[in-house]
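Notes to accompany the following structure.
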Amino acid sequence: MAQPVNTTGPPRNYGVLLYRGYDFQDVSGPLEVLYGISNTHQINLFLLAQTLDPVLTRPRMAAMNPTNSSVYPTTLPTHTFADAPDLDVLIIPGGLGMRASDELLQTELKYITETYPKVKYLITVCTGSALLARTGILDGRRATTNKTSWKGVVHFGPLVKWVAPARWVVDGNIWTSAGVTAGFDIMFAFVKTMYSDGQELVDVWAKSIEYVPHEDSSWDPFSAMNGIPTQNQL
């Protein structure tokens with residue numbers, strides 16, 4: 001049974017939105033960080049999808065898998081959107097699947113729209129910000145995304161204040177990260193901010209998994225690599 005949303009302490013109930021063609025690392029990176037803090041803090045994880053059928057990371061379109069490779073893992077959801085428990089944090093990964101039509105993603109977009117007012121925080125990783133932008137929730141807010149996919153993402157949110165350079169961006173209770181590996185950095189930063197012993201948690205777990213987190217949210221050599229001009233800096 002899910003634990004009630006923690007209204008006084010740090011986040012405890014985390015949900016991950018799964019959809020066809022999501023990027024596996026966009027999920028596994030943040031979850032690796034949550035594994036670490038679960039040694040000293042109760043963390044409840046819920047994997048959410050339209051149905052309880054295995055969710056494929058393989059893209060829908062054959063053109064996105066031209067060699068017909070079978071390298072893509074599948075994930076078993078724990079809950080459907082219809083019976084999802086109350087959450088403190090909703091995590092939205094990116095991936096090739098975010099390029100699907102609004103019709104194919106209508107259930108996911110509806111769940112995000114209806115759930116956002118109920119959560120304490122929302123985190124997007126990589127091109128997951130495109131899904132959030134499509135709901136209108138990011139309109140007028142600052143956000144970032146994968147710089148290699150910049151043009152393919154920003155058109156989903158013409159009213160969003162897209163930030164470059166940026167490893168991650170925080171606007172109110174919405175945290176958005178740059179591409180894929182930035183999922184580690186945004187989650188370490190989130191833990192450091194949300195938990196009273198956050199710095200110690202970050203130091204211990206980063207050392208354990210032999211990762212050096214980028215602690216500067218503006219660190220981002222990939223904007224320049226992709227020819228993206230500086231924009232919407234504070």
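Of all residues in segment 72-103, which are loosely packed, with under 14 Cβ neighbours inside 10 Å and either at positive phi or among the charged types (D, E, K, R) (or both)?
Asp83, Asp102, Glu103
Quick one: what pairs do we get from segment 99-117, first residue farther than 20 Å from Asp83 by Cα and touching a residue at least 12 places away in the same chain (Cβ under 8 Å), second charged (D, E, K, R) and assigned to a helix (DSSP H, G or I), C-beta under 8 Å, 6+ apart or different chains?
Short answer, once both residue conditions are applied: Asp102/Arg134.
Take the conditions in a loop (DSSP other than H, G, I, E, B), β-branched (Val, Ile, Thr) and over 30 Å from Asp86 (Cβ atoms) and apply them to Val180. Does it pass?
no
In segment 36-58, how many are in a loop (DSSP other than H, G, I, E, B) and under 25 Å from Phe188 (Cα atoms)?
Selection size over segment 36-58: 7.
Given the residues Ser38, Ser69, which is the only one that is free of Cβ contacts under 8 Å to residues at least 12 places away in the same chain and under 20 Å from the mean Cα position of the chain (by Cα)?
Just one listed residue meets the conditions, Ser38.
Could you grab me the full set of residues in segment 6-34 that are free of Cβ contacts under 8 Å to residues at least 24 places away in the same chain and more than 11 Å from the chain's Cα centre (by Cα)?
Selection gives Thr7, Thr8, Gly9.
Looking only at segment 45-55, which residues are surrounded by 12 or more Cβ atoms within 10 Å (Cβ to Cβ) and over 17 Å from the mean Cα position of the chain (by Cα)? Full working, then the answer.
Start the filter on segment 45-55 by keeping residues that are surrounded by 12 or more Cβ atoms within 10 Å (Cβ to Cβ), which leaves 45-50, 52, 54-55.
Within segment 45-55, Gln50, Leu52, Pro54 qualify.
What number of residues in segment 154-167 are buried (at least 24 other Cβ atoms within 10 Å of the Cβ) and closer than 22 Å to Thr115 by Cα?
Number of matching residues: 1.
Given the criterion part of a loop (DSSP other than H, G, I, E, B), more than 25 Å from Val204 (Cβ to Cβ) and either among the hydrophobic types (A, V, I, L, M, F, W, C) or modelled with pLDDT of 95 or more (or both), identify the matching residue among Tyr72, Tyr22.
From the options Tyr72, Tyr22, the qualifying one is Tyr22.
Of all residues in segment 84-126, which are outside any helix (DSSP H, G or I) and either acidic (Asp, Glu) or over 20 Å from Tyr14 (Cβ atoms) (or both)?
Narrowing segment 84-126 to residues outside any helix (DSSP H, G or I): 84-95, 100-105, 119-126.
Hits for segment 84-126 are Asp86, Asp88, Ala100, Ser101, Asp102, Glu103, Leu104, Leu105.
The values are calculated or read from the model by the stated rules, or taken from the named source; none is laboratory data. The structure displayed is predicted, hence computed values, not measured ones. With ideal geometry, Cβ positions are generated from the backbone for all residues, glycine too; neighbour counts draw on all protein chains shown.
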